[in-house]
1. Would it be correct to say that E226 is crowded, with 20+ Cβ neighbours inside 10 Å, more than 11 Å from I31 (Cα to Cα) and acidic (D, E)?
2. Do we find that T201 is modelled with pLDDT of 90 or more and under 14 Å from the mean Cα position of the chain (by Cα) in this structure?
3. From V95, V16, grab the single residue that is more than 30 Å from A135 (Cβ to Cβ) and not charged (D, E, K, R).
4. Give all pairs with beta carbons closer than 9 Å in which a residue from region 211-228 that is at negative phi meets a residue that is among the basic types (K, R) and assigned to a helix (DSSP H, G or I); count only pairs at least 6 apart in sequence or on separate chains.
5. In contact (Cβ under 8 Å) with a residue 40 or more places away in the chain and buried (at least 17 other Cβ atoms within 10 Å of the Cβ): does that describe I104?
6. Report yes if some residue within region 75-90 is crowded, with 19+ Cβ neighbours inside 10 Å, free of Cβ contacts under 8 Å to residues at least 60 places away in the same chain and not assigned by TED's automatic domain parsing to the domain that holds V153; otherwise report no.
7. Conditions first: (1) over 29 Å from Y242 (Cβ atoms); (2) touching a strand residue (DSSP E or B) at 6+ places or on another chain (Cβ under 8 Å); (3) hydroxyl-bearing (S, T, Y). T10 passes all but one, so which condition is the exception?
8. Which of the helices (runs of 4 or more DSSP H) found entirely inside region 85-187 contain at least 1 residues meeting this: modelled with pLDDT under 85 and closer than 25 Å to L3 by Cα?
Amino acid sequence: MTLLRVAGLTKLFGGVRAVSEVGFALEKGEILAIIGPNGAGKTTCFNMLGGQLRPDRGSITLDGRELVGLSPREIWRLGVGRTFQITATFPSMSVRENVQMALISHHRRTLGLWRRAHELYAEEAIVLLERVGMADQAERACGVLAYGDLKRVELAVGLANRPRLLLMDEPTAGMAPRERLSLMRLTLEIVREEGTSVLFTEHDMDVVFRSAGRIIVLNRGCVVAEGTPQSVREDPQVREIYLGSAAPAL
């Protein structure tokens, strides 16, 4: 069953067409990757899906509900989680407090708090941190964590609203190769348990081909290929975009 449907998505910046008539569907429980060279339009697509940018044209529906025109907070409340290419945590707050803030927002407790915020959903935060392997660092400030650990905290934050759809923009950016595969294995284990759909972008082709059930390739804002990892790997146009016309299969 289709969870997310994108049709005719277009975004212009001045005279530059960053995204042009992009369309695809994402099924419930599916793991879909969007790849492409730098400047292909991947992050622009993600920012339109998450409400950070409004498309100039096109439609984005989640379970039939139109998302275009909604704020990032409204989209998040509909069950769309998000992680960012550059980690977005509060460095002076503890790991646990960062997750608690997301839980407080999810439970709509941001106004009229009768209890101190640090007491709210503390146990639920620890459960999420246990799932991502960070419970033993719950009381450390995010500002002193290693980058790979920050990515795990951000994953816990992204899961706080029990998302139906998790958007992950370059989830392994800045990580060592071994850390990248470990984080994606952990992510996929969690979302498969929950039946969560995942849409992610990634430059590391090893991560992409090991993780995605289906791949969409963007180039200059347009979809140029779509299919299974094997079919995309063997696509002559994809090989030319990435490696040149004489390149072997990825």
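The values are calculated or read from the model by the stated rules, or taken from the named source; none is laboratory data. This one's a predicted model, so the numbers in the text were calculated from it and none came from an experiment. Cβ: placed from backbone, ideal geometry, glycine included. Neighbour counts: every protein chain shown.
1. Criteria not met by E226.
2. Working: modelled with pLDDT of 90 or more: yes; under 14 Å from the mean Cα position of the chain (by Cα): yes.
So T201 passes the test.
3. Numbers: V95 fails: more than 30 Å from A135 (Cβ to Cβ).
So the residue among V95, V16 that is more than 30 Å from A135 (Cβ to Cβ) and not charged (D, E, K, R) is V16.
4. Close Cβ pairs (under 9 Å, with a partner that is among the basic types (K, R) and assigned to a helix (DSSP H, G or I)) amount to S211/R185; I215/R233; L218/K42.
5. Values: in contact (Cβ under 8 Å) with a residue 40 or more places away in the chain: no; buried (at least 17 other Cβ atoms within 10 Å of the Cβ): yes.
Judged against the criteria, I104 is not a match.
6. yes
7. Evaluating T10 over (1) over 29 Å from Y242 (Cβ atoms); (2) touching a strand residue (DSSP E or B) at 6+ places or on another chain (Cβ under 8 Å); (3) hydroxyl-bearing (S, T, Y) leaves (1) as the failure.
8. 95-106
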